[in-house]
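Peer 1: Have a look at this one.
The values are calculated or read from the model by the stated rules, or taken from the named source; none is laboratory data. Because the structure is predicted, anything quoted here is derived from the model rather than measured. Counting neighbours? That spans all protein chains shown, and the Cβs are built from the backbone with ideal geometry, glycine included.
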Amino acid sequence: MDINAVGDVYKQLNKHNLASLETVYHQNVIFEDAAHRLEGWQNLVQYFTTLYTNVEHCQFDIKEQHQVGEDGFLTWTMELQHPKLKSGQLIRVKGVSHMKFQDGRVIYHRDYFDLGEMLYEHLPVLGKVIKVIKARLGQ
C-alpha cells in the first residue's frame with residue numbers, strides 16, 4: 001500500500017463503499033482533522049459512517065501525491081453538498097493530508113484544511129460573522 005493507492009480509494013469514496021477504507025487503514029490508526037481526533041479502526045469507520053449519512057455529495061479531487069519512505073502527502077479539493085450547509089449548495093474546500101504508513105497501511109492520518117471554509121462560513125448566522133471578520137483581517 002502506498003499514497004497512490006490511498007488517493008485512488010478517496011477518489012472513489014462514497015456512502016455506499018465506505019468498507020473500501022478497511023483496505024487502507026491500520027487497525028490502530030490515529031486520525032486527526034480540525035475538529036476530531038480518533039484512535040482505532042472502529043472509531044474511524046463510525047466517524048465516516050456518521051459523516052456520510054446526510055451528505056448528498058462528497059467527492060475528492062486528488063491534485064498531488066507524494067511519498068518519501070513511510071510518510072505521504074495528498075493535496076486535494078473536496079466537493080461537499082450537505083442539506084444543512086449553504087442551503088444545500090455545493091461547497092469546495094482545499095486541503096492537505098499527511099499520512100504515515102506501518103505494515104503497508106495508514107497508521108496516522110492528519111487532514112489540514114480551513115474549518116471555517118468548510119463549515120462555519122456556511123451556517124446562517126455564524127457565516128456572516130466569519131465573513132466580516134475575514135474581511136477585516138484582510139484590510
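Peer 1: Can you go through 62, 3 and tell me which one is in contact (Cβ under 8 Å) with a residue 60 or more places away in the chain and β-branched (Val, Ile, Thr)?
Peer 2: 3
Peer 1: Moving to a separate point now. Being under 17 Å from residue 97 (Cβ atoms) and without any contact (Cβ under 8 Å) to a residue 60 or more places away in the chain is the filter here, so list the residues in region 24-40 that pass it.
Peer 2: 36, 37, 38, listed by residue number.
Peer 1: Taking region 13-63 as the region of interest, how many residues are in contact with a Gly (Cβ under 7 Å, 6 or more places away or on another chain) and of a type in the set (Gly, Ala, Ser)?
Peer 2: Total meeting the criteria: 0.
Peer 1: If you go through region 83-93 one residue at a time, do you hit one that is over 15 Å from the mean Cα position of the chain (by Cα), loosely packed, with under 14 Cβ neighbours inside 10 Å, at negative phi and aliphatic (A, V, I, L, M)?
Peer 2: Yes.
Peer 1: Could you check region 39-54 and list, in sequence order, the residues that are in a helix (DSSP H, G or I) and more than 21 Å from residue 23 (Cβ to Cβ)?
Peer 2: 53
Peer 1: Is there a residue being out of contact with any Gly (no Cβ under 9 Å at 6 or more places or on another chain), at pLDDT 70 or above and more than 15 Å from residue 32 (Cβ to Cβ) anywhere in region 119-126?
Peer 2: No, because not a single residue in region 119-126 is out of contact with any Gly (no Cβ under 9 Å at 6 or more places or on another chain), at pLDDT 70 or above and more than 15 Å from residue 32 (Cβ to Cβ).
Peer 1: Restricting region 24-45 to residues that are modelled with pLDDT of 95 or more and exposed (fewer than 14 other Cβ atoms within 10 Å of the Cβ), which is nearest to the chain's Cα centre (by Cα)?
Peer 2: Across region 24-45, the extreme among qualifying residues is 37.
Peer 1: Quick check on region 55-99: of everything there that is acidic (Asp, Glu) and not in a strand (DSSP E or B), which residue is nearest to residue 111 (Cα to Cα)?
Peer 2: 70
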